[in-house]
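Report on the structure given below.
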Amino acid sequence: MQRILVVHASRHGGTAGIAEKIGEVLRSAEVDAVVAKAADMPDPRDFDACLVGSGVYMGSWVKEGTEYLERYASTLATRPVWLFSSGPLPGSSKAAKAGNDPIEDALGPADGPGSGGRKKVEGLAAVIHPRAHRVFQGAYDPTDPPTSLAERVVRMLPASKGILPIGDFREWPAIEAWARQIAAEVAAPVPVG
Ligand SMILES: Cc1cc2nc3c(=O)[nH]c(=O)nc-3n(C[C@H](O)[C@H](O)[C@H](O)COP(=O)(O)O)c2cc1C
C-alpha cells in the first residue's frame, strides 16, 4: 500500500479542512494517508509521496508552510510532491485584478511589487519540482480572531470590507476529484526514462 503524507499550514482551519478531506479521499482509494500540521515537521522520508498545502495571507504562504518546504526540500525533491494553496475568496480584489491565473489570484504577480510571497514558494518549487500546484478557494469567518498583528491590521482597514468576502468557499468536488487523481497517479507510477 502506498503511503502519502498530507501536510498543511493553516491559521484558521480552512486549509486543515482541505487536507483532512484529501486524506479521507486517499484512504477511500486504498492509500495509507497521514494528515499532519507543517508546524510538527513530519518527516517525508517515511512516505512514498507528499502533498503540502497552505493558506495564503497577503500574497504569502503561512510561515510554517514555507519552513516545511525549506527544511525538507532535498527529500521532497526525490518524491512525487503536490502543492496546494488555499486562498482566494471570490470577488476579492486580488482575484478580480488577476483574471484567469489561479496562482496570480492567490499569490499575486510573478515580478515587481507584491511578488515576494509568490517568489518564495516558486523558489522552493524550483528545487522540489512538484507535479502540480493547485489553488482552491478558501474560507473567511470574521468572528474567528486574527492570529497575527498583520492580519488584525488588514482586517481593520475599511477597504478590507470589500476585499474579504465572508463565507466558506472551499471547492469540495474539485478537491475530492484532485485527491482521487493523485491516488490513481500514485497507484500507477509513470515509468521513468
Ligand atoms: C487578512 C487576510 C488576508 C488574506 N490574503 C489573501 C491573499 O493574499 N490571497 C489569497 O488568495 N487569499 C487571501 N486570504 C484568504 C485566505 O487565504 C483564506 O481565508 C484561507 O481559507 C485561509 O486559510 P486557513 O484558514 O487555512 O488559514 C486572506 C484572508 C485574510 C483574513
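The values are calculated or read from the model by the stated rules, or taken from the named source; none is laboratory data. Worth saying up front: this structure is predicted, and the values here are computed from it rather than measured. Don't worry about glycine lacking a Cβ; one is built from the backbone with ideal geometry, like all the others, and counts go over all protein chains shown. Heads up: the accessible areas ignore ligands, DNA and RNA and are worked out on the full protein's heavy atoms, side chains in. Shrake-Rupley method; radii C 1.70, N 1.55, O 1.52, S 1.80 Å.
Brief remarks on what is shown
- Exactly one residue among VAL6, VAL34 is without any contact (Cβ under 8 Å) to a residue 60 or more places away in the chain, part of a strand (DSSP E or B) and open to solvent by 40 Å² or more (accessible area, probe 1.4 Å), and that residue is VAL34.
- Scope the range 9-31; condition surrounded by fewer than 16 Cβ atoms within 10 Å (Cβ to Cβ) and under 14 Å from the mean Cα position of the chain (by Cα); matching residues: GLY13, GLU20
- Residues that are surrounded by fewer than 20 Cβ atoms within 10 Å (Cβ to Cβ) and within 25 Å of ARG170 (Cα to Cα) within the range 43-52 are absent altogether.
- GLY55 surrounded by fewer than 23 Cβ atoms within 10 Å (Cβ to Cβ) and in contact (Cβ under 8 Å) with a residue 24 or more places away in the chain: no
- Test: SER85 is within 12 Å of the ligand (Cβ to nearest atom) and at pLDDT 95 or above: yes
- Selection within the range 152-179 - modelled with pLDDT of 95 or more, surrounded by 15 or more Cβ atoms within 10 Å (Cβ to Cβ) and assigned to a helix (DSSP H, G or I): ILE175, GLU176, TRP178, ALA179
- Leading residue by the ranking (surrounded by the most Cβ atoms within 10 Å (Cβ to Cβ)) among those in the range 123-138 that are assigned to a strand (DSSP E or B) and either on the phi > 0 side of the Ramachandran plot or within 16 Å of the ligand (Cβ to nearest atom) (or both): GLN137
- Matching residues in the range 12-33 - criterion: being more than 16 Å from the ligand (Cβ to nearest atom) and under 23 Å from GLU171 (Cβ atoms): GLU24, VAL25, LEU26, ARG27, SER28, ALA29, VAL31, ALA33
- When we screen ASP40, ASP48 for residues that are charged (D, E, K, R) and touching a Pro at 6+ places or on another chain (Cβ under 9 Å), the only hit is ASP48.
- Boolean, MET58 is within 11 Å of the ligand (Cβ to nearest atom) and more than 12 Å from the chain's Cα centre (by Cα): yes
- Qualifying residue in the range 65-82 (condition: within 19 Å of PRO173 (Cβ to Cβ) and touching a Pro at 6+ places or on another chain (Cβ under 8 Å)): yes
- Flag for GLY114 being in a loop (DSSP other than H, G, I, E, B), open to solvent by 50 Å² or more (accessible area, probe 1.4 Å) and modelled with pLDDT under 90: no
- Positions within the range 58-79 being in a helix (DSSP H, G or I), open to solvent by 40 Å² or more (accessible area, probe 1.4 Å) and of a type outside the set (Gly, Ala, Ser), in sequence order: LYS63, GLU64, GLU67, GLU70, ARG71
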